[in-house]
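Working notes, beginning with the structure itself.
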2 protein chains.
Amino acid sequence: MEYFPAPLERLVEQFARLPGIGGKSAQRLAFYVLGLTDQEAQEFADAIVEAKRTVTRCPVCQNLTGGGPCSICASPRRDPAVICVVADPRDVAAMERAREYTGLYHVLHGVISPMNHIGPDDLEIKSLVDRVAQGEVQEVIMATNPDTEGEATAMYLARLLKPFSVRVTRLAYGIPVGGHLEFADDATLMRALEGRREL
Amino acid sequence: MEYFPAPLERLVEQFARLPGIGGKSAQRLAFYVLGLTDQEAQEFADAIVEAKRTVTRCPVCQNLTGGGPCSICASPRRDPAVICVVADPRDVAAMERAREYTGLYHVLHGVISPMNHIGPDDLEIKSLVDRVAQGEVQEVIMATNPDTEGEATAMYLARLLKPFSVRVTRLAYGIPVGGHLEFADDATLMRALEGRREL
């Protein structure tokens, strides 16, 4: 069933493989590419190959980097005594946007998930333990997502880091800023109550 | 605010330019590319450049082609006496999927739209008139969308083709097959009533 020229069909197929892109969307994106200038299409193609070729993991924190240690690990202004553990590089970006945290990170690249056959060995856990074992770290902040798998991973790591004289903490739970009490779920409200503080 | 390595940021930007892709989606797509193999990324990039480079318009019907006349215009099994006029190459694909039509096509590449500053000269209208003027065509079927602009474009073309001894027709309006009367809008119901036929 070839209704479009073969090179266009191939491009539609490529777009259709992307997550969250269905057949109709893939078609729309492919037609958009046909409307680009030659140079724009080339830049798009180059960006794909270039990102894939040059983006690697930071040898220290496993965050994404354009080569060598990432900009956060390389910065002299970051506190090397604190490590914030996150599941994904996008979580680093979210934390950085908050402009509050001045320590370093460690990116697990996933969470422990027996359902998806992801065990501790599939994640960047050994590299975290190695960092903590070097003795410079004083606090490890668990910032995995507050869902079952994120919780379980944080608990697992906390136990794993117990032998080292290091403080292991967890991001606070509670009502999101700007949120409404009436829309908060029970579990969040319970956690918010548990974590209440003196005014 | 660079939270990701520069090559990754550039790829996110490229994806974010695509129609219907917001910032979060662009990030997700860029991360998906990082997860591809080198070869898969290269194939994706090649598909973009290749589609842009090789896909042109058929010199006869202006549909998209990989070079030369399109497969429909080149087929000896298609009836050259009938031309179906559509706004977009995707409409050709939709008509072909129905496997009912055996004539040729003419792709306008848009509809007349004063609001968007698209006039007759911006569309493939002269090439249509030239085809009809050659005398072989006996019927021109208007298959623009049944909206205001599609209607206006069809009416404009019908008037333009009047001097030639050619039948100009329009796709039938009515209740979509498998549709429900209760969900049909008033305009469609009115048209369905107008176009009622003997059983």
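Okay, residues lined up against (1) at pLDDT below 95; (2) under 28 Å from A:Ile21 (Cα atoms); (3) assigned to a helix (DSSP H, G or I):
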position: B:Tyr3; (1), (2), (3): yes, yes, no
position: B:Gly20; (1), (2), (3): yes, yes, no
position: B:Lys24; (1), (2), (3): yes, yes, yes
position: B:Glu40; (1), (2), (3): no, yes, yes
position: B:Val92; (1), (2), (3): yes, yes, yes
position: B:Arg99; (1), (2), (3): yes, yes, no
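Within the range B:5-17, the residues that satisfy the criterion of being crowded, with 16+ Cβ neighbours inside 10 Å and more than 7 Å from chain A (Cβ to nearest Cβ) are B:Glu9, B:Val12, B:Phe15, B:Ala16. Each residue in the range A:101-126 was checked for being assigned to a helix (DSSP H, G or I) and buried (at least 18 other Cβ atoms within 10 Å of the Cβ), and 0 pass. Among the numbered conditions (1) small (Gly, Ala, Ser); (2) within 7 Å of chain B (Cβ to nearest Cβ); (3) surrounded by 15 or more Cβ atoms within 10 Å (Cβ to Cβ), the only one that A:Gly20 does not meet is (3).
Among the residues of the range A:63-83, the one identified as open to solvent by less than 20 Å² (accessible area, probe 1.4 Å), within 14 Å of another protein chain (Cβ to nearest Cβ) and either more than 16 Å from the chain's Cα centre (by Cα) or within 18 Å of A:Val129 (Cα to Cα) (or both) is A:Asn63. Being open to solvent by less than 20 Å² (accessible area, probe 1.4 Å) and either over 19 Å from A:Val55 (Cβ atoms) or at the interface with another protein chain (Cβ under 7 Å from one of its Cβ atoms) (or both) holds for only one residue in B:Ala41, B:Ala26, and it is B:Ala41.
In the range A:95-112, the residues that are within 14 Å of chain B (Cβ to nearest Cβ) and more than 17 Å from A:Pro146 (Cβ to Cβ) reach residues that are open to solvent by 50 Å² or more (accessible area, probe 1.4 Å) and outside any loop (DSSP other than H, G, I, E, B) with C-beta atoms within less than 9 angstrom, at least six apart or across chains, in these pairs: A:Val107/A:Arg57; A:His109/A:Arg57; A:His109/A:Asp122. Considering only residues in the range A:143-165 that are among the charged types (D, E, K, R) and in a loop (DSSP other than H, G, I, E, B), the one that is nearest to A:Pro114 (Cα to Cα) turns out to be A:Asp147.
Of everything in the range B:143-190 that is over 17 Å from the mean Cα position of the chain (by Cα) and among the hydroxyl-bearing types (Ser, Thr, Tyr), the residue that is most open to solvent (accessible area, probe 1.4 Å) is B:Ser165.
The values are calculated or read from the model by the stated rules, or taken from the named source; none is laboratory data. This one's a predicted model, so the numbers in the text were calculated from it and none came from an experiment. Here Cβ is always computed from backbone atoms with ideal geometry, including for glycine, and neighbour counts include all displayed protein chains. Side chains are part of the model used for accessible areas, which takes the heavy atoms of the whole protein and leaves out ligands, DNA and RNA. Shrake-Rupley method; radii C 1.70, N 1.55, O 1.52, S 1.80 Å.
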